[in-house]
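For reference, the structure discussed in these notes is given below.
The values are calculated or read from the model by the stated rules, or taken from the named source; none is laboratory data. Source: prediction; values computed, not measured. Ideal geometry is used to build each Cβ from the backbone, glycine not excepted, and the neighbour counts take in all protein chains shown.
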Amino acid sequence: MNRAFWCLAFGFGSMFATGVAAPAAPVVPAPAGVLNVMERVADWQLAHSPADRPRDGWVQAAGYTGIMALSGISKSPRFEEAMMKMGVENQWKPAGRVYHADDHCVLQTYIELYTRHPDKAMLAPAIARFDAILAAPTPVGNEFKAPDRVINYWWCDALYMGPPSWIGLWKATGKAAYLDFALENWWKTSDFLYDKEEYLYFRDATYFAKRESNGRKIFWSRGNGWVVGGLVHVLQLLPSGHPARAKFEQQFREMMATLVTLQAEDGFWRSSLLDPAEYPAQEASGTGFFCYGLLWGVNEGLLDRATYLPAALKGWAALNTCVQPDGKLIHIQPIGADPKKFDENSTEPYGVGSFLLAGSELFRVRSL
């Protein structure tokens, strides 16, 4: 492991810069301005809920996680009210596939709403679903059969969709089996998909041997963004001092130290992290998740402010160029599994979710 990695990961870069003047402190946007753009983007999304995306499916559910973050800082009740309405209309049920992590994502919002408005009916479907999985923990279906093993979370996106729901239900109910399931399956997936040379996740096993046009491995921006978001949510839920935290913190630092070196000069991360020239389009969903991770890490003291905050602020400035006057957020790569070229006007709720999550952490940052 080289010196540059450790300098970035643990904030020691300045020790090698003797005699070099420290850069000026970055200018942090005013919280009121951050909140204003967040509310505009969320209002647009709530007014344009895509009819072809199920209300309990992952596409919208990943957007809900951002709206929930906004509802925690906005003075208006309209965002939480929209989420309560959604939960009631969904009867607090997860989506239909029993084992599939994508169909567990919506439970994150239900569980967080339960912590604000305790009503056991809000948790009953989640408990029923997860207890059924615990009773028969080996998933059913060919899609779960990765090479040489059967695995619940065989694609990296699942680490955003599934474990935070399991850990959230553990916190809400006290049932340790939910936490144990999440921890066991996170590290099974990490062992399977995490590249310990690049400190990035393959999307799934089909990408192990594939290469980009420049000969580098294929590491998809949003796929790694899902993992970063999942790491943040897991660490938010695990109590301080919990024995499981250290390993998650280590992986978080490793990934963020790598990712900060892959940001383009304009503030975006491209769809292909190691071959940005092949996919030059600006992309907002991966960029949103990486900004979220950088800002959360700075706020929690896990990442060095001087090293990581400038990259986060550059990313936020880039994201703001994707906000249209009416609040529509564009430059979001459509649903997929790998880097793609796409229409710059593309939008999706999950990209809005990552933008709102990033904004919620920037709202907490204060100028020195």
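Points to keep in mind about this one:
- Note on segment 229-332: enclosed helices (runs of 4 or more DSSP H) holding 1 or more residues that are in contact (Cβ under 8 Å) with a residue 24 or more places away in the chain and within 20 Å of PHE202 (Cα to Cα) are 245-259, 284-299.
- Residue satisfying condition, being crowded, with 18+ Cβ neighbours inside 10 Å, touching a Pro at 6+ places or on another chain (Cβ under 9 Å) and of a type in the set (Val, Ile, Thr), within set VAL298, VAL365, VAL323: VAL365
- All positions within segment 60-80 that are under 14 Å from the mean Cα position of the chain (by Cα) and either of a type in the set (Gly, Ala, Ser) or surrounded by fewer than 18 Cβ atoms within 10 Å (Cβ to Cβ) (or both): ALA61, ALA62, GLY63, GLY66, ALA69
- Residue under evaluation THR307, criteria (1) closer than 17 Å to TYR279 by Cβ; (2) polar (S, T, N, Q); (3) surrounded by fewer than 24 Cβ atoms within 10 Å (Cβ to Cβ), criterion not met: (1)
- Residue within segment 270-289 that is under 21 Å from PRO29 (Cα atoms), over 16 Å from the mean Cα position of the chain (by Cα), crowded, with 19+ Cβ neighbours inside 10 Å and of a type in the set (Val, Ile, Thr) present: no
- Residue count, segment 146-176 (criterion: crowded, with 24+ Cβ neighbours inside 10 Å, in contact with a Ser or Thr (Cβ under 8 Å, 6 or more places away or on another chain) and of a type in the set (A, V, I, L, M, F, W, C)): 3
- Of all residues making up segment 218-264, the number that are at pLDDT 95 or above, polar (S, T, N, Q) and surrounded by fewer than 13 Cβ atoms within 10 Å (Cβ to Cβ): 3
- Filtered residues of segment 339-355 (kept if surrounded by fewer than 20 Cβ atoms within 10 Å (Cβ to Cβ) and either within 21 Å of THR258 (Cβ to Cβ) or acidic (Asp, Glu) (or both)): ASP343, GLU344
- Residues of segment 134-169 classified as without any contact (Cβ under 8 Å) to a residue 60 or more places away in the chain and more than 14 Å from ASP103 (Cβ to Cβ), total: 14
- Selection within segment 61-96 - closer than 22 Å to ALA128 by Cα and not in a helix (DSSP H, G or I): ASN90, GLN91, TRP92, LYS93, PRO94, ALA95, GLY96
- Taking the numbered list (1) among the hydrophobic types (A, V, I, L, M, F, W, C); (2) within 23 Å of the chain's Cα centre (by Cα); (3) under 15 Å from LYS171 (Cβ atoms) in turn, TRP92 passes all entries but (3).
- Residue that is surrounded by the fewest Cβ atoms within 10 Å (Cβ to Cβ) [pool: residues in segment 182-217 that are hydrophobic (A, V, I, L, M, F, W, C) and over 19 Å from the mean Cα position of the chain (by Cα)]: ALA209
- Positions within segment 323-343 being in contact with a His (Cβ under 8 Å, 6 or more places away or on another chain) and within 11 Å of GLN282 (Cα to Cα), in sequence order: none
- Selection status of GLU197, of a type in the set (Asp, Glu) and under 28 Å from ASP275 (Cβ atoms): yes
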